[in-house]
Every structure is written in structure tokens, then in C-alpha cells.
Amino acid sequence: MLRGSFRPQGEIAALRGYLRQRERLLDYAASHIQHMQKALTQMNLQIHHVVSDITGATGMRIIRAFVAGERDPDTLASYRDRRCHASVETVRQALIGNDREEHVFALAQALDDFYQKKVAECDARIEAVLKRLKEAGDKPAGKLPTPRYRITQQPNALGFDIRAALHAILGIDLTQINGLGPYLALKLVSECGTDLSAWPSAKHFTSWLCLAPSNKISGGKVLSARTRRSGNRAAALLRLAATTVGRTDTALGAFYRRLSARVGKAKAVTATARKIAVLFYNVLRYGMNYTDPGASDYEERYRQRVLTNLQRRAKSLGYVLQQADAAPAANGFS
């Protein structure tokens, strides 16, 4: 009566629960940021249009001072952080508005960092689960490899080194796969577990993710090959990684751009997500060491593959392909 589903065992299930709760808390906090922006707009304070993030250093200093009772635009503009791109005069002009008691009250209510404290509590629980997984694991961690690309600090990142914690548990570095950052890799592990033996092969794994074609055949004819609709969280994470890697100068990025130009971005995202899923499966289950060959190497191998196919087709038709000579110079009049 019930459809079969995958549920990770033991500590992985707890890790998944804490990470999902953390995502919900971040969504709640994001709605409060929108409430702050609305209250500022109602008072004609356009600071959220001047600074890139009102939850940053400049925005929070100004908003906290405004809620505390400061109304002088010059004084408020002096709280600008030196790293802010907007000038002091631009910030001052954005702080000339009107304050109403009910709007200030709404701003103060939305400013409460209740959810940030809850997120910090989740971070502590997640770190504790990872420590227990490390103690229960039997894989030698070894030395953490040097990251192949610069890992930037994300706005809502966890309060500890995720990459080192995952490496201590798995014995491998999942961030070597292009598109997988530390936080995204942690969420993938929480959704799929550390042992992927539940899927006999990478094809079974991508089919479970609904990233593989679902062929509908009738009378020997393929009626449809579209991928199935799914609410799989791991598949959504892999699609996000595919979108990110499409802007990089890597083999996966070159594959995404070539396919995007031919069949569209939606199908290119799905196909690239499937490739990342296969790499994730092979790295996590078999310990494969992934090395990116680069976009130029991928383009050359694709060119050679197209050329081989053309030569085979020409031979079947009784022709021989021959490389063209250099283009002759254009004729001109002296």
C-alpha cells in the first residue's frame, strides 16, 4: 500500500532532520528581512536600495541605531562601514524620510534575531552529530587535500569547517567535484547517506533521483523519454550545482554550455546534474579521485568524437573525408 522510499539510518537521519530544520529557520528569517524592507519603504528610508545587504555591517548598524531613537541622517550615515561601496553622502540621502511610531515598531519587531539564535542552536547539534559520525567511522581520514578553487564564505554558512568535518568522516573530499561546495556536499550526504550500496549502480542512483530519461515504449516505439517529476531534495541540490558549474571554465561547464545552446537551459541543467550525480556516486562509493580535465580538453575530445562520426558516415556512403587546405587569400584589385 505504501510506495518504497529511501530513509537513511542512524545518525544520518538525525543529521538530515537538523539540516532541514535549519533551512526552515533560514526561510523564516528571510521573511523577516522582507518585513524590515517594507517598514523602511513605508518610512521612505531607502537604505535597502543603497547597500547590497541590509543584514550586513552597514545596514544593521544603521537600523539598530534608528530603532534605538537616532533620527539624524548625518549621524546615521556615519555608521557606514568602510567597505561599503556607497559613499557617505549617498547613504545620508537615503536616510532622509519620515518616521511613524507604528512603522518603527514593526521594524523593531522584524529586527529581533530570534531565528538567528535558533540557527546557531542547529549548528551546534549538526556539529555534534558529525563528531559522533567521525568517532563511529572506520575510514582513515588522511590529509585534507588543498582545495582546487577558492572557497568563499557564504552568508548563512555553518559556524565550523564543514569541509574538514566531512573529510574526517568519509576519508575523501567531495568538494573536488566541480559545483559541490562544502555546505551543498553536507546536505547531499544527509539526504543520501555515506553508504550508497542501496543503489547497485550509478544508473540506479540517477533513476532514483529522477535525473535519468524515463522511456515510455509502446509497440517498440519510444513515445516519451522525459525525466519523471520529483520532489527529491537531493535532485534539487544537484540541479543547483549544475547551474553553478555552468558558469565555470571546467569540463562540466563546457558540457553545460554546449548542451544549453543545442537543447535549451532546462534540459542542460538536468543532464549536467546527472553527470554530477554519477561523479558523486563513484567518489563516495568507490573512492574515485576526480580530476577536472578542463574546458579546452573537453572541447577537443568533443571535436574528435564528431570528426570520427563524420568519417564513419562518409565511409558508409562511399566517400572519404579530407582535411581542407588553408583558406585562399581574398582576391583584390591593385
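The values are calculated or read from the model by the stated rules, or taken from the named source; none is laboratory data. Keep in mind that what you see is a predicted model, and the values were worked out from it rather than measured. Cβ sites come from the backbone with ideal geometry, for glycine too, and all protein chains shown count toward neighbours.
If you go through the range 182-201 and keep only what is more than 18 Å from Asn282 (Cβ to Cβ) and touching a residue at least 40 places away in the same chain (Cβ under 8 Å), you end up with Leu186, Lys187, Ser190. For the range 321-334, check the following and say yes or no: at least one residue is of a type in the set (A, V, I, L, M, F, W, C) and closer than 24 Å to Glu191 by Cβ. Checking the range 321-334: not a single residue is of a type in the set (A, V, I, L, M, F, W, C) and closer than 24 Å to Glu191 by Cβ.
Only a single criterion out of (1) outside the structural domain of Tyr281 (by TED's automatic domain parsing); (2) under 26 Å from Ser31 (Cβ atoms) is not satisfied by Ser87, namely (2). For His49, are the conditions met, namely being buried (at least 17 other Cβ atoms within 10 Å of the Cβ), touching a residue at least 24 places away in the same chain (Cβ under 8 Å) and assigned to a helix (DSSP H, G or I)? No; evaluated as a whole, the condition is false for this residue.
Return yes when Tyr18 is in contact (Cβ under 8 Å) with a residue 12 or more places away in the chain, loosely packed, with under 14 Cβ neighbours inside 10 Å, under 30 Å from Leu133 (Cα atoms) and not β-branched (Val, Ile, Thr) and no when it is not. It is false that Tyr18 is in contact (Cβ under 8 Å) with a residue 12 or more places away in the chain, loosely packed, with under 14 Cβ neighbours inside 10 Å, under 30 Å from Leu133 (Cα atoms) and not β-branched (Val, Ile, Thr). Listed by first and then second residue, the pairs linking a residue in the range 52-75 that is surrounded by 13 or more Cβ atoms within 10 Å (Cβ to Cβ) to a residue that is of a type in the set (Ser, Thr, Tyr), with Cβ atoms under 8 Å apart and 6 or more places separating them unless they lie on different chains, are Thr58/Tyr79; Arg61/Tyr79; Ile62/Tyr79; Ala65/Thr75; Ala65/Tyr79. Could you look through the range 289-334, keep only residues that are hydrophobic (A, V, I, L, M, F, W, C) and closer than 20 Å to Gly253 by Cβ, and pick out the one that is modelled with the highest pLDDT? Once the filter is applied, the top-ranked residue is Val306.
Output the residues belonging to the range 52-83 that are within 21 Å of Gln109 (Cβ to Cβ), within 32 Å of the chain's Cα centre (by Cα) and not in a loop (DSSP other than H, G, I, E, B). Within the range 52-83, Gly59, Met60, Arg61, Ile62, Ile63, Arg64 meet the criteria.
None of Leu170, Leu188 is among the hydrophobic types (A, V, I, L, M, F, W, C), at pLDDT below 90 and out of contact with any strand residue (DSSP E or B) (no Cβ under 8 Å at 6 or more places or on another chain) except Leu170.
Among the numbered criteria (1) under 26 Å from the mean Cα position of the chain (by Cα); (2) small (Gly, Ala, Ser); (3) assigned to a loop (DSSP other than H, G, I, E, B), which single criterion is violated by Ala86? Among (1) under 26 Å from the mean Cα position of the chain (by Cα); (2) small (Gly, Ala, Ser); (3) assigned to a loop (DSSP other than H, G, I, E, B), the lone unmet condition for Ala86 is (1). For the range 97-121, a residue qualifies if it is farther than 23 Å from Pro73 by Cα and assigned to a helix (DSSP H, G or I), and the qualifying residues are Phe114, Tyr115, Gln116, Lys117, Lys118, Val119, Ala120, Glu121. Restricting the range 213-248 to residues that are among the basic types (Lys, Arg) and not in a loop (DSSP other than H, G, I, E, B) leaves a set whose member that is surrounded by the most Cβ atoms within 10 Å (Cβ to Cβ) is Arg239. Of all residues in the range 281-299, those satisfying the criterion of being more than 21 Å from Ile172 (Cα to Cα) and surrounded by 17 or more Cβ atoms within 10 Å (Cβ to Cβ) are Ala295, Tyr298.
For the range 271-281, the criterion of being on the phi > 0 side of the Ramachandran plot and either within 23 Å of the chain's Cα centre (by Cα) or free of Cβ contacts under 8 Å to residues at least 40 places away in the same chain (or both) is met by no residue.
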